[in-house]
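Notes to accompany the following structure.
The values are calculated or read from the model by the stated rules, or taken from the named source; none is laboratory data. Everything quoted here is computed from the prediction, not taken from an experiment. Glycine also receives a Cβ, built like all others from the backbone with ideal geometry; neighbour counts cover every protein chain displayed. The protein model used for the area step is the full one, side chains on, heavy atoms only, and it has no ligands, DNA or RNA in it. Shrake-Rupley method; radii C 1.70, N 1.55, O 1.52, S 1.80 Å.
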Amino acid sequence: MTENSIFDLAPLPLWLEDFGGVKALLEAWRADGVRDLRAHLEENPELVREAALSIRVLKVNERAVALFEAKDAADLIDNLDVVFSRDMLSSHLGELCQLWERSDGFESQAVNYTLTGRRLDVQLRARILPGAEHDWSRVIVSTENITELMQQRRQLVEKENFARGLFEHSPISLWVEDFSAVKMLLEGVRASGVEDFRTFTDVHPEFVSRCMSEIRVIDVNQYTLDLFEARDKEMLLRRLGEVFRDNMRQHFREQLVDLWDGKLFQQREVVNYALSGEELHVHMQFSVFPGRESDWSLVQVALTDITARKKAEAYLEFLGKHDILTKLCNRSFFVDELNRLERKGPEPVAVILADLDGLKLANDSMGHAAGDALLRRAGEIFKEAVTAPSTAARIGGDEFAVLMPSCGLTDGRQMIATLQELVEVNNQFYGSTRLALSFGLSISSPGERLEDVVMRADEDMYRNKRDRSARVTKEQEVEPRGA
């Protein structure tokens, strides 16, 4: 079989080319002092085109004719401007750089076009034939069609970019984490014979903290950085101890209990912390990636910020239990607390009732704004004096109450004295409409219903109110002599 028949029958598209012009150009550039050919060609891109045009195609085989959809070899050679167009020069620059460094040929990936305009991705391999090393007059070039392979790679890249885009631009916080060390810790506990993991974590709370410290964060998206107020990923990952702490531990413990029970997909509301220290309430969805169930080496955690909802719920709960004007507990909460103390104690319970004197007069003479101001001032006094476990409440228009569990007569009297002192301080501060409160006190007996204790305190308050009113009236009737 002759050399020509081998060339023609080769299973790959082959080109026989003369690179003598390219060799001459490379030698000229070297003689001109060029050392970095790539930089030189990037600064002078017209030289790449000059080198490409200096190549002479001597022969092509039938495989090449078929690949490039030509009628025959002559048709293909006559239309090389179609084959080597558009993107070809960028790959040719790399080929020239290879020839600059080596004298046997080059390999590259390039884009060619068939004579019908169809794009081809090709793998080029060029070798200078023996006997032509001195002038590169005979170079054989194979063009393997890798279009389908490159399309698959481009599709894969597109899918990866799409998935990355979904991850990065998701409107929720996304974390990719490695829980493999956590899994090993759980397996170690199970191997030690522990069966009741919840009780184990009650006895060993440090184990929960250990597991938290073993979470390895692989990646987070942009929304996560914004939510946790981190400048960049490095900053967030460096300060994870500020994110996973305090109130999060109890939620994480429940997450570990579920993992112990084999629940690899979980949802719950948890608490995290922004780097500014702000508490974040989030709805967490935890899932082990498919195929990673054996080691938990890839886990996705999706966090939806529900802080605003939680604040709204807390405010609604506050409204349900508090008086908006005074910020004290309301009558509904007072009744619930009364029932709770009656059921559970502790006993005895001191009950103080107070009445705001002169509220109707202030409303009638100066308007309801003046009356509201008095009520707010009274609320300030009770909030200042009454602390947990005692409770202060506004239970009527001008009525207030204090419940003091595990307190006796002395404690109740001391509380009234404190409230009276604060009333005097308040009057000195405001110096306009005088604030006055009438107090009543009663202490529960063992087994007594607290409603009866409240009634006795109410009677005591009205008795004190009448006595004080009588004293004031008597003082006003006595006129000083010598006026």
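Annotations for the structure displayed:
- Selection count, region 406-416, where residues are closer than 16 Å to Leu353 by Cβ and open to solvent by 10 Å² or more (accessible area, probe 1.4 Å): 6
- Ser108 vs. criteria at pLDDT below 90 and either of a type outside the set (Val, Ile, Thr) or surrounded by 18 or more Cβ atoms within 10 Å (Cβ to Cβ) (or both): no
- Residues that are surrounded by 15 or more Cβ atoms within 10 Å (Cβ to Cβ), among the acidic types (Asp, Glu) and free of Cβ contacts under 8 Å to residues at least 60 places away in the same chain, drawn from region 320-378: Asp372
- Taken over region 144-199, the criterion of being in contact with a Phe, Trp or Tyr (Cβ under 7 Å, 6 or more places away or on another chain) and not aliphatic (A, V, I, L, M) is satisfied by Ser170, Pro171, Ser173, Phe179, Ser180, Lys183, Phe197.
- From the options Val189, Val176, residue that is over 30 Å from Asn61 (Cα atoms), at pLDDT 95 or above and open to solvent by less than 20 Å² (accessible area, probe 1.4 Å): Val189
- Applying a threshold of 7 Å to beta carbon distances and a minimum spacing of six or more residues, or different chains, the list of pairs starting in region 56-71 at a residue that is aromatic (Phe, Trp, Tyr) and ending at one that is open to solvent by 30 Å² or more (accessible area, probe 1.4 Å) reads Phe68/Leu115.
- The number of residues in region 289-303 being polar (S, T, N, Q) and either over 30 Å from the mean Cα position of the chain (by Cα) or open to solvent by 80 Å² or more (accessible area, probe 1.4 Å) (or both) comes to 1.
- Neighbours by Cβ (under 7 Å, 6+ apart or cross-chain): first from region 236-259, free of Cβ contacts under 8 Å to residues at least 60 places away in the same chain; second assigned to a helix (DSSP H, G or I) and open to solvent by 30 Å² or more (accessible area, probe 1.4 Å): Arg249/Ser209
Yes/no matrix, rows are residues, columns are (1) within 26 Å of Leu341 (Cα to Cα); (2) of a type in the set (Gly, Ala, Ser); (3) touching a Gly at 6+ places or on another chain (Cβ under 8 Å); (4) modelled with pLDDT of 90 or more:
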| position | (1), (2), (3), (4) |
| --- | --- |
| Leu375 | no, no, no, no |
| Ala417 | yes, yes, no, yes |
| Gly431 | no, yes, no, no |
| Gly440 | yes, yes, no, yes |
| Arg466 | no, no, no, no |
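- Subset of region 209-235 [farther than 21 Å from Met184 by Cα, open to solvent by 60 Å² or more (accessible area, probe 1.4 Å) and touching a residue at least 60 places away in the same chain (Cβ under 8 Å)]: none
- Residues satisfying the stated conditions in region 249-263, i.e. in a helix (DSSP H, G or I) and open to solvent by 20 Å² or more (accessible area, probe 1.4 Å): Arg249, Gln250, His251, Arg253, Glu254, Asp258, Trp260
- Of Arg138, Arg118, all but one fail to be farther than 30 Å from Arg292 by Cβ, surrounded by 13 or more Cβ atoms within 10 Å (Cβ to Cβ) and among the charged types (D, E, K, R); the exception is Arg138.
- Failed criterion for Ile306 (all others in (1) at pLDDT 95 or above; (2) open to solvent by less than 20 Å² (accessible area, probe 1.4 Å) hold): (1)
- Residues that are without any contact (Cβ under 8 Å) to a residue 60 or more places away in the chain and either of a type in the set (S, T, N, Q) or within 18 Å of Asp458 (Cβ to Cβ) (or both) were ranked within region 382-397; the one that is surrounded by the fewest Cβ atoms within 10 Å (Cβ to Cβ) is Thr387.
- Among the residues listed as Glu206, Glu279, Glu313, Glu269, the single one being out of contact with any Leu (no Cβ under 8 Å at 6 or more places or on another chain), open to solvent by 60 Å² or more (accessible area, probe 1.4 Å) and under 20 Å from Ser170 (Cα atoms): Glu269
- Selection within region 141-161: residues that are surrounded by 12 or more Cβ atoms within 10 Å (Cβ to Cβ) and farther than 24 Å from Arg56 by Cα. The member of this set that is nearest to the chain's Cα centre (by Cα) is Arg153.
- Every residue from region 16-48 that is under 25 Å from Val82 (Cα atoms) and either without any contact (Cβ under 8 Å) to a residue 24 or more places away in the chain or in contact with a helix residue (DSSP H, G or I) (Cβ under 6 Å, 6 or more places away or on another chain) (or both): Val22, Leu25, Leu41, Asn44, Glu46, Leu47, Val48
- Members of region 90-105 that are buried (at least 17 other Cβ atoms within 10 Å of the Cβ) and not in a helix (DSSP H, G or I): Gly105
- Here Val271 passes the criteria (1) part of a loop (DSSP other than H, G, I, E, B); (2) touching a His at 6+ places or on another chain (Cβ under 7 Å) except the one numbered (1).
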